[in-house]
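Visitor: Structure incoming, see below.
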Amino acid sequence: MMGLTLRYPGLDSSNKAGDVALPPRLERNETCHCGSGSKYKSCCLERDEALRRQQRGATLPTWIDESRSKLHQFEKYVCNVFALPDLLANLTDQRRAPQISTFDVVNSLFHTAVLRIPSINALEGDLKESDFQKLLGRHPTQDVKAFSADVVANVLDKLHLEKVRGSMEDVIGKAERNKAFRDGCYSALRCVAIDGWEPFASYDRHCSHCLVRKVKVKRSNGSIEEVEQYYHHYAVAMLLGPVLDVVLGIEPVLNEEARRDVDGEHAGHEGELTAAHRLIDSLHSTYGTFIDAFVLDALYANGPVMTHLEQYGYAGFLVLKKDKNEPLKEALTLWQEQGPCEQYYDPDKKEHLQFWDSDNIETLDSYKGKVRVIRAIVTQPDDESSTTWCFAILGKRARQLARRTALQIVRARWHIEDTAFNQWIRYCSCATQMRIWPFR
């Protein structure tokens with residue numbers, strides 16, 4: 001027996017798991033397959049999950065089941081808890097009569113992510129290694145690659161992305177039921193950051209989904225020329241927390257051609273804000289009250305976004321940068337003759353904090369609710385450098401937070417830029433990004 005696989009060798013009549021037929025997979029709110037008429041989650045779900053765990057445990061190879069290495073223990077955990085082979089087997093692509101299954105390719109990509117293999121070309125080298133082949137559940141043949149990088153690229157190009165999204169939602173839902181996000185909150189608020197992400201840009205390579213812009217480049221002879229640059233841009237939602245950084249949703253910024261497919265009246269590429277509004281709708285539809293608040297940069301600090309969040313009952317933490325724009329303009333006027341309302345020294349971070357705070361500000365024409373505005377100056381005593389943070393808070397519950405907690409939430413958003421997004425760029429080659437993120 002090798003590693004993750006859909007094949008179940010070694011199961012015989014003496015193996016109880018081999019004698020049990022797996023129940024059909026149903027959504028939690030579907031009618032149960034037993035004929036009781038009850039919802040699946042209230043009837044046979046727990047029993048069926050126990051049967052699936054028993055079957056998966058029987059199919060794990062002994063070398064993984066008994067190994068104490070962190071990788072193999074991780075493999076065992078994701079198989080038993082999240083049914084990883086079943087999740088991967090659910091993914092399909094548009095190839096006709098493929099010789100290499102979609103499961104084998106996405107299985108290799110899963111391990112590419114786990115092992116931080118930096119590119120498809122690097123993966124092709126590992127596919128020649130017997131240990132990696134064994135991990136994928138294939139018969140190991142040293143120096144003979146299981147399949148090529150071209151096969152991986154072709155699967156990525158033709159993968160049905162809605163099933164990828166569905167699998168991601170299944171994993172997050174299961175993790176939530178297992179209380180995996182219990183420690184991922186700030187004052188009992190589960191916060192999600194939305195940010196723009198541009199994974200690549202090219203002057204030559206492009207696809208039908210690429211956005212196009214004019215940029216000035218300096219040629220070798222010193223002349224400046226304006227040329228077309230192709231790129232993809234996304235609005236990405238990521239769960240913020242001290243423990244886990246989890247992507248909840250991705251929405252592409254549509255180019256002019258894609259917009260015309262939806263609405264022929266629009267001309268030109270859409271902006272990140274438009275994609276973000278769609279993303280908020282999608283997140284509410286998928287996760288509902290799992291999300292308590294959104295943490296957004298200055299691009300989103302406007303009335304329509306605030307109104308959108310309030311309509312769904314979400315709180316908001318929005319960075320403010322432009323002194324002449326409301327509600328920061330009103331707050332600065334109120335603070336003009338005032339000193340800080342709170343000062344605090346953080347011994348852990350060795351920072352000195354000063355706060356200015358005004359609540360119940362109502363100055364936006366396009367948002368009818370009340371806004372709390374906070375300014376915090378963070379000073380590093382060692383080098384006397386300081387950083388100023390100004391942000392608005394909306395939502396009754398969020399507006400009652402302590403100032404230091406509110407600042408912690410806003411600062412946490414920048415963590416995703418320093419870790420999550422940078423890691424995606426660092427550990428994904430341009431070729432990988434071109435094929436993973438078109439969102440056809």
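Every read-out reported here was derived from the displayed coordinates using simple, explicitly stated rules and does not represent laboratory data. Note that the structure is predicted; figures quoted are calculated from it, not measured.
Visitor: Show the residues, 5+ positions off or on another chain, whose built amide H is closer than 5 Å to the amide H of Val246.
Guide: Amide H to amide H, under 5 Å and 5 or more residues apart or across chains, Val246 pairs with Leu239.
Visitor: Please state the shape class of the range 283-427: rounded when a/c is under 1.5, otherwise prolate if a/b exceeds b/c and oblate if not, all from the C-alpha gyration tensor.
Guide: Values: a/c = 1.81, a/b = 1.11, b/c = 1.63.
Judged from the Cα gyration tensor, the range 283-427 comes out oblate (a/c at least 1.5, b/c at or above a/b).
Visitor: Determine ³J(HN,Hα), in whole Hz, for all residues of the range 193-200 in sequence, where each value follows from phi through the Karplus function 6.51 cos²θ - 1.76 cosθ + 1.60 and θ = phi - 60°; x replaces Gly and Pro.
Guide: Going residue by residue, I get 9, 10, 8, x, 9, 10, x, 6 Hz, with x marking Gly and Pro.
Visitor: Taking a ≥ b ≥ c as the square roots of the Cα gyration tensor eigenvalues, with a/c under 1.5 meaning rounded and otherwise prolate when a/b beats b/c, else oblate, which class fits the range 266-359? Can you show the working numbers first?
Guide: On the way: a/c = 2.42, a/b = 1.65, b/c = 1.46.
Here the range 266-359 falls in the prolate category.
Visitor: Of the cross-linked pairs Lys76/Lys128; Lys70/Lys134; Lys76/Lys134, which ones have a Cα-Cα span greater than 18 Å in the structure shown? Walk me through the intermediate numbers first.
Guide: On the way: Lys76/Lys128 24 Å; Lys70/Lys134 16 Å; Lys76/Lys134 15 Å.
Cα-Cα > 18 Å for Lys76/Lys128; rest within.
Visitor: Output the pairs from Lys174/Lys350; Lys41/Lys179; Lys216/Lys329 with a Cα-Cα distance over 29 Å in this structure; if there are none, say none.
Guide: Working: Lys174/Lys350 39 Å; Lys41/Lys179 18 Å; Lys216/Lys329 35 Å.
From the list (Lys174/Lys350; Lys41/Lys179; Lys216/Lys329), the Cα-Cα distance tops 29 Å for Lys174/Lys350; Lys216/Lys329.
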